[in-house]
Structure formats: C-alpha cells, structure tokens
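**Student:** What follows is a structure written as structure tokens; I'll ask about it next.
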Amino acid sequence: MTRKVLVLIFLIAATAAVAAAQVPTGSAPSTKPATPPPAPHTNLKVGDAAPDFNLPSTIVQDGKRMRYKLSDFKGKKNVVLAIYVFAFTGG
C-alpha cells in the first residue's frame with residue numbers, strides 16, 4: 001500500500017514538473033515586452049562609501065556560524081561584492 005502511494009506521489013510530481021517545463025509553441029504573443037521594474041531607491045551616489053553590513057558564513061567555529069562585517073576589512077583588504085539575482089531560485 002505504501003509503495004502504491006509513493007508511486008502515485010512520484011507520478012503527480014513528475015507530471016507537474018513536465019507541465020511546468022513545457023514551453024508554448026506556435027506564434028509569439030503580440031504583446032509588448034514587459035519593462036523591467038524600477039531600481040530600488042537609494043541615497044548612495046557613485047563614489048560613496050558602502051554602508052556597514054554583516055553576512056553569515058558557511059564556516060562553523062566552536063559551534064557558531066562565522067559572520068563577516070564589511071567594516072572588518074576597511075583599510076586591510078579590497079572587497080568585491082557580487083550579487084547574483086537568480087542564484088538558487090531556479091529562474
């Protein structure tokens with residue numbers, strides 16, 4: 001009985017995945033392409049110092065996750081912050 005339920009759940013999940021992955025065929029829609037959303041408002045200008053922030057790390061020491069603060073690197077190292085908008089979202 002449990003095996004039948006698991007097979008049924010798998011089939012439903014597989015069907016949903018296939019339906020979501022299908023790309024419509026045929027003529028392209030005649031609508032105008034969507035405009036990108038406006039950039040969020042910020043008071044920062046080119047050349048301004050970045051505000052201090054901290055980020056969690058994947059490193060665990062003494063049972064605690066390490067955190068990195070931007071101010072810890074000031075005057076010591078250069079920092080490059082890269083933002084991947086669609087990272088780990090499946091999009």
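The values are calculated or read from the model by the stated rules, or taken from the named source; none is laboratory data. As the structure is a computational prediction, the values presented were derived from the model and not from experiment. Here the Cβ positions follow ideal geometry from the backbone for every residue, glycine too, while neighbour counts run over all protein chains shown.
Conditions tested, residue by residue: (1) touching a residue at least 12 places away in the same chain (Cβ under 8 Å); (2) surrounded by 10 or more Cβ atoms within 10 Å (Cβ to Cβ).
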site	(1), (2)
Ala50	yes, yes
Phe53	yes, yes
Gln61	no, no
Lys64	no, no
Leu70	yes, yes
Lys74	no, yes
Lys77	no, no
Ala82	no, no
Val85	no, no
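**Student:** Return the residues of the stretch 1-47 that are β-branched (Val, Ile, Thr), assigned to a loop (DSSP other than H, G, I, E, B), modelled with pLDDT under 70 and within 24 Å of the chain's Cα centre (by Cα); say none if nothing qualifies.
**Tutor:** Val23
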